[in-house]
Amino acid sequence: MQEITYREAILAALQEEMRRDDKILIMGEDIGPSGGPFKTCQGLYEEFGPMRVRDTPIAETGFVGAALGLAITGYRPIAEIMFADFLGVCFDQVVNSIAKHRFMSGGKVKAPLVIRAIGGAGLRFAAQHSQTGESWFLSVPGLTIVCPSSPNEAYGMLRAAIRYDNPVVVFEHKALLSTKGPVDIGGPIPALTGPAMLREGRDATIVASLAMVGRSLAAAELLARDGIAAEVFDIRSLRPMVTGPIVESVKKTNILVAVEEQAQVGGWTAELAAQVTEAAFDYLDAPPARVTLPDHPVPYSPPLEDSVIPSPERIAATVKSLL
Amino acid sequence: MKAKTTKAARAAPGVKPLTDEDRLALFRMMVRIREFEEEVQRSYLEGLVHGTTHLCQGQEAVAAGTGLVFREDDYVGYTYRGHGHCLARGMDEEAAFAELFGRTTGVCGGVGGSMHLTDIDKGLIGAFGIVGGGLPVSVGAGVTAQMNGRGQLSAAFFGDGATNIGAFHESMNIAQVWKLPVLFICENNLYGEFTRINHTTPYEDLIKRARGYEMNAVQVDGNDVEAVYNATAACAARARAGEGPSFIECMTYRHRGHSRTDPAKYRDPKEVEAWLARDPLTLYEAALIKRKLLTKAGAEALIAEERARQRAASERAAAGPWPEVGAVDYETLTFA
C-alpha cells in the first residue's frame, strides 16, 4: 500500500493502463502539455505523445462522440470532462449514441469507453461548476455509472472501467483530489460495481457516495460518542445499483439513511430507498431518510455553500431522529 | 434548382478512371437502391414496415457514386435516411427488409428498425436517428483510421439540415485541426424535414460552411453519379495520403417526403417537376445508352431484374419469424 492522493491515484491508473495496452488513448481539454486543469493527466503527453493524449477543442459533443467512434472500431478511448457540469453539453452523445449503440446494432458492436467527469461542490466554483451530475444519467439503460470515494477506489475503479467492454461514466470529485489514502498500486483489479461496507454497526445503516462517504464515516464517529453504532456503506456504483448487502444490513439495523450530494428529486438515494423498502419493508423501524442538497442550485458564497452540503452533524442528527 | 459541378469534381489527378464495368455497376446499384426503396414503400402501405421510414429515392447517385470509392476497411456512418448506404456496402437485402419488418432474421435482430439499419462487419458504423448525432462518431472512426496508419478513411453522410447543429461544427473543427481522414458528405436535398433550406439557413450553398474551417471542399451535382464518384475519389485520395478531411456537397433532391407520413405538399410543384426531370437514374441510363454500354431494352431488363430481386427478398423477409417475447436476451444486447 502506498499513501497517495486521489489525483495521483487517477494518474497512476491512467499511466499503468496506457502502458499495458496501446489501444488506450485519452482525449480532453488541456490534458496535453498542460497536464489537465486538475493535473490528473500530468506527464501522459510526454510519455505517450500527441496521438494518444489528445488536447481537444472545447467541444464535448465532438470528442465524447468521437470516443464512441473509436470504441466501436477497435480502440479503448477515455474522455475527460473537465467539470462534470459540462456533461450537459454532450448529453445527446452519451444518452442517444453511446448508451444505445450496441443495443441498436443487435448486440454486434462493442463500445469499451470511459468518460471521466470531475464534479462536486465545496470549492466555491458556484452553480455551473459544482454539480456532480449522476442523476442526469441515472435513468439511462446501457450506461454503467461509478463513483470513487477514495484514492484506492479512484485507482481501482478506473482500472476496472478501462478494462470493461462497455461504456462507463466515472464520476470523480474535485474536493477529494487532494485527499490522501492507502492505494494498492499494482494490486488486483477490484469489482467495478457493487457497494462496499466501510464500517460495521448494529444500530443504523448509512449509505453514501463520493465526498459524502467521508462525511458519513465522520458522522458514524459522532454517533459512536453517543453509543450509536452506524454501519456505513459506499454505494460505489449507481448503475447497476447493487443493493443486496445494503438490504441485509437494514434487516439487521432496521434504519436506513442515504446521503448524496445532489438535489433530492430524482437522485439515486430515492431509488435506493425504494429498493430497500421493497425488499425489507417489514424490517424498517422508520421510513428511509435521505440527506441531500436542497432543491436549488449550489450558491457561491462560502457560508452559503457550506450550509447546503450535507455535514457529518446533519447526517448524525438524521440518524438520531429515526432511532 | 441547382446542379453544379465544380472543377475539382471533374478533373482530379490520382483518381482511378471508371471502367465500363464500373459504370454498369454504378447503374445497377442505383437501380437496386431505387427498387429497394420502392419495395419499402409498398411494404409500408401493406403494414409490414412499422412506425416510420425515410426513403432516399432521388438521392441514389450519392450512395452509389461514393460507395464505389470506399475500401472494405473504410468506415461509413450515416443517418435514418441510410438504406442506400447500407446497400452500397453490400448489405443483404433480405436481412435489411427483415429488420424493417421487425423480424428476428433482421440484420439487427429486429431491435434496430428502419432508422438504425447497420452492420459493423461491413464497416457500417451506424445509422443515427438524431440529426448530426453521427458526425462526432465518424470523427472518432477517423481517429482510428489515422492511428491505424493503413490509409483507411471515415465517411460521414448527413443532410443539409445537419449543418445547422452544433455537432456538425464541432466535428468539422476537430477533423480539420487533427487532419483526420474524414469525408463529410452532405446530401443537400434542400429540405430539413418539412422546411425549405432558405427558411433555416443563410445560404443554400453549404460548401460555404467548409470554407469557415479552411477545409478542402467540393460541390457536385449529386444526381450525376460519375461526378459524385470523381469528386469523392479525389477527396478520398487526399484523405488516404494524410492530407486531411474534405467536405463534399452533393446537390440533390428527395422524390418523396421526409418520412412515410409526409406527402411533401410544402414543395413548389415546379421545383419538384424540374428535379424529377433530372432523375439520377434516367440521366445515367441515357448516358450509358449514349456510350453504347446499354440499350433501352437492356436497361429495362436490368430494372425488372432488380425489381424482382427486391420483391423476392421482401417476400422472404416477410415470411421470417417475429422475435419471441421473453426469449430475447436484453442483457447481452445491451452489454458486451
May I have the pair-distance distribution P(r) for segment A:1-109, computed from all Cα-Cα distances with 10 Å bins from 0 and rounded to whole percent? 14, 43, 33, 9, 1
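For segment B:7-320, what's the relative contact order in percent, using C-alpha pairs closer than 8 Å and at least 6 residues apart?
Numbers: 624 pairs, mean separation 77.1, N = 314.
Value for segment B:7-320: 25 percent.
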For segment B:116-122, take each phi angle, set θ = phi - 60°, evaluate the Karplus expression 6.51 cos²θ - 1.76 cosθ + 1.60, and give the result in whole Hz per residue in order, putting x for glycine and proline. 10, 5, 7, 7, 4, 5, 9
Above 24 Å lies some portion of the pair distances; for segment A:2-183, what is it as a whole percent of all C-alpha pairs? 30
Contact order relative to length for segment A:196-322, counting C-alpha pairs under 8 Å separated by 6 or more residues, stands in percent at 29
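Decide, for segment B:66-208, between rounded, prolate and oblate: order the square roots of the alpha carbon gyration tensor eigenvalues as a ≥ b ≥ c, take rounded if a/c falls under 1.5, and otherwise choose prolate if a/b is larger than b/c, else oblate.
Numbers: a/c = 2.12, a/b = 1.18, b/c = 1.80.
The shape class here is oblate.
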Loop-only check: which GluC sites (Glu not before Pro) in segment B:29-111 are DSSP coil with at most 11 other Cβ within 10 angstrom? B:Glu46, B:Glu72
Residue by residue, what Karplus-based ³J(HN,Hα) values in Hz, rounded to whole numbers, does segment B:315-320 have, using 6.51, -1.76 and 1.60 with θ = phi - 60° and x for Gly and Pro? 5, 5, 5, 5, 7, x
Excluding exposed DSSP-loop chymotrypsin sites (Phe, Trp or Tyr not before Pro) (at most 14 other C-beta within 10 Å), longest clean stretch of chain B: B:1-193
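Can you show me the helix-derived [θ] at 222 nm for chain B, built from DSSP H runs with n ≥ 4 at -39,500 (n - 2.57) apiece and divided by the number of residues, rounded to the nearest 500. Write out the running numbers ahead of the final one.
Working: 13 runs with 146 residues, N = 336.
Result for chain B: -13000 deg cm²/dmol, rounded to the nearest 500.
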Between A:Val291 and residues 5 or more places away or on another chain, the pairs with built amide H atoms under 5 Å apart involve A:Ala258, A:Val259, A:Glu260
Which lysines have a Cα less than 16 Å from the Cα of B:Lys122, not counting those fewer than 8 places away in the same chain? A:Lys108, A:Lys110
D_trans [Stokes-Einstein, Kirkwood Rh over alpha-carbon pairs] for segment A:136-251, 10 °C, 1.306 mPa s, µm² s⁻¹: 107
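Loop only by DSSP, 10 or fewer other Cβ within 10 Å of the Cβ. Give me the chymotrypsin sites (Phe, Trp or Tyr not before Pro) in segment A:106-170 that pass, ordered by residue number.
Numbers: sites: A:Phe125, A:Trp136, A:Phe137, A:Tyr155, A:Tyr164; in loops: A:Phe125, A:Tyr164.
Counting only loop positions with at most 10 other Cβ atoms within 10 Å, none of the chymotrypsin sites (Phe, Trp or Tyr not before Pro) in segment A:106-170 qualifies.
Stokes-Einstein at 37 °C, 0.692 mPa s, Kirkwood radius from Cα pairs: D for segment A:160-215 in µm² s⁻¹?
Numbers: Rh = 14.1 Å.
Rounded to a whole number, D works out at 233 µm²/s.
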For a quick size check, give me the Cα extents of segment B:234-303 along its three principal axes, largest first, whole Å. 44, 38, 21
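Could you work out the per residue convex hull volume over the alpha carbons of segment A:196-322, in cubic angstrom?
On the way: hull volume 12.4 nm³, N = 127.
Cα-based convex hull of segment A:196-322, divided per residue, equals 98 Å³.
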With each label point set 7 Å from Cα along the Cα-Cβ vector, what nm distance links A:Glu221 and A:Arg124? 2.5
Calculated from backbone phi, Karplus (6.51, -1.76, 1.60) coupling profile of segment A:124-129 in Hz, x at Gly/Pro: 6, 8, 6, 5, 9, 9
Expressed as a fraction of 2.2 N^0.38 Å, the rule-of-thumb size for a compact globular protein of N residues, what is the C-alpha radius of gyration of chain A? 0.98
Under 5 Å from the placed amide H of A:Gly119, counting only residues 5+ away or on other chains, we find A:Ala84, A:Glu172, A:His173, A:Lys174
Rounded to one decimal in Å, the inverse mean reciprocal Cα-Cα distance for segment B:98-162, i.e. its Kirkwood radius, is 13.0
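Counting alpha carbon pairs within less than 8 Å and at least 6 residues apart, what relative contact order, in whole percent, applies to segment A:2-183?
Numbers: 379 pairs, mean separation 49.9, N = 182.
Relative CO of segment A:2-183 lands at 27 percent.
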Alpha carbon centre of segment A:43-68 versus segment A:287-323: separation in Å? 37
Mind checking which lysines have their Cα closer than 24 Å to the Cα of A:Lys180? Skip sequence neighbours fewer than 8 apart in that chain. A:Lys39
Towards the positive end of the charge dipole of the protein assembly as shown, with charges on Cβ (+1 Lys, Arg; -1 Asp, Glu), say which of A:Ser150, A:Gly181, A:Gln131 has the farthest Cα. A:Gln131
What residues qualify as long-range amide H neighbours of A:Arg199, i.e. H under 5 Å apart, gap of 5 or more or another chain, H built at 1.01 Å from N? A:Val232
Does the protein assembly as shown classify as rounded, prolate or oblate by the C-alpha gyration tensor (a ≥ b ≥ c root eigenvalues; a/c under 1.5 gives rounded; else a/b over b/c gives prolate, otherwise oblate)? prolate
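Give the percent of DSSP beta bridges with both residues in segment B:93-229 that are antiparallel, rounded to the nearest 5.
Working: 2 of 8 bridges.
In segment B:93-229, approximately 25 percent of DSSP beta bridges are antiparallel ones.
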What shape does chain B have by the C-alpha gyration tensor, where a ≥ b ≥ c are the square roots of the eigenvalues, rounded means a/c under 1.5, and otherwise prolate means a/b greater than b/c and oblate the rest? rounded
Assigned charges on the beta-carbon of Lys, Arg, Asp, Glu; the protein assembly as shown dipole about Cα centre (debye): 1480
To the nearest 0.05, what FRET efficiency results for B:Ala336 and A:Lys39 with a Förster distance of 25 Å applied to their C-beta separation? 0.15
Under 12 Å between alpha carbons, and skipping anything fewer than 8 positions from B:Lys296 in its own chain: which aspartates and glutamates qualify? B:Glu285
Angle, helix A:6-20 long axis vs. longest principal axis of chain A, Cα atoms, 0 to 90°, nearest 10? 40
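From the helices alone, meaning DSSP H stretches of at least four residues, give me the mean residue ellipticity at 222 nm for chain A, per-run term -39500 (n - 2.57), in deg cm²/dmol to the nearest 500. Walk me through the numbers before you get to the answer.
On the way: 11 runs with 109 residues, N = 323.
One gets -10000 deg cm²/dmol as the mean residue ellipticity at 222 nm.
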Mind listing which GluC sites (Glu not before Pro) in segment B:234-295 are in a DSSP loop and have 16 or fewer other Cβ atoms within 10 Å? B:Glu243
Segment A:119-159: mean projected area of Cα convex hull, nm²: 3.8
One would report the Cα pair-distance distribution of segment B:160-243, bin width 5 Å, in %, as 3, 14, 23, 24, 20, 12, 4, 1
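Any read-out appearing in this document is the output of simple, stated calculations on the displayed coordinates, not a laboratory observation. Since this is a predicted model, take the numbers as computed values, not measurements. Positions of Cβ are backbone-derived with ideal geometry, glycine not excepted, and every protein chain shown enters the neighbour counts.
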